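Asks: Let me give you the structure first, and then I'll get to my questions.
The values are calculated or read from the model by the stated rules, or taken from the named source; none is laboratory data. Nothing here was measured: the structure is a model prediction, and the numbers come from that model. In this analysis, Cβ positions are derived from the backbone assuming ideal geometry, glycine residues included, and neighbour counts consider all displayed protein chains.
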Amino acid sequence: MSTLTAESFALHELEREEPRTSDGGGLTLAMKVANVWEGLLATGVAACPVCGDRIESAAGGGRCVGCGSTLH
């Protein structure tokens with residue numbers, strides 16, 4: 001099981017910076033995690049960046065119904 005924290009990705013800093021992409025032109029992990037937070041706050045569910053299943057709001061963060069990863 002993985003645990004992702006907002007602090008470890010400094011999301012407040014990402015909001016002030018221009019979006020960046022990885023060398024392959026895709027989203028960075030920090031951008032994916034930011035998208036998960038946006039989905040959780042807006043609708044209560046989001047796609048898990050670990051397995052692609054569904055993360056649902058739980059205890060101030062989220063928990064994936066597929067792999068059990070948590071976001072705090």
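Asks: I need the full set of residues from the range 54-72 which are in contact with a Cys (Cβ under 6 Å, 6 or more places away or on another chain) and either free of Cβ contacts under 8 Å to residues at least 12 places away in the same chain or assigned to a strand (DSSP E or B) (or both), in order please.
Replies: I55, C64 - these are the residues of the range 54-72 that are in contact with a Cys (Cβ under 6 Å, 6 or more places away or on another chain) and either free of Cβ contacts under 8 Å to residues at least 12 places away in the same chain or assigned to a strand (DSSP E or B) (or both).
Asks: Sticking with this structure for a sec: Collect the residues in the range 34-53 that are outside any helix (DSSP H, G or I), of a type in the set (V, I, T) and either touching a Lys or Arg at 6+ places or on another chain (Cβ under 6 Å) or over 16 Å from T70 (Cβ atoms) (or both), keeping them in residue-number order.
Replies: Start the filter on the range 34-53 by keeping residues that are outside any helix (DSSP H, G or I), which leaves 44-53.
With of a type in the set (V, I, T) added as a condition, the list becomes 45, 50.
Listed by number, the list holds a single entry, V45.
Asks: Then there is this: Here are some residues: A6, A59, A42, A30. Which one is at pLDDT 60 or above and surrounded by 14 or more Cβ atoms within 10 Å (Cβ to Cβ)? Quick ask: steps written out before the conclusion?
Replies: Numbers: A6 fails: at pLDDT 60 or above; A59 fails: surrounded by 14 or more Cβ atoms within 10 Å (Cβ to Cβ); A42 fails: surrounded by 14 or more Cβ atoms within 10 Å (Cβ to Cβ).
That would be A30, the only listed residue that is at pLDDT 60 or above and surrounded by 14 or more Cβ atoms within 10 Å (Cβ to Cβ).
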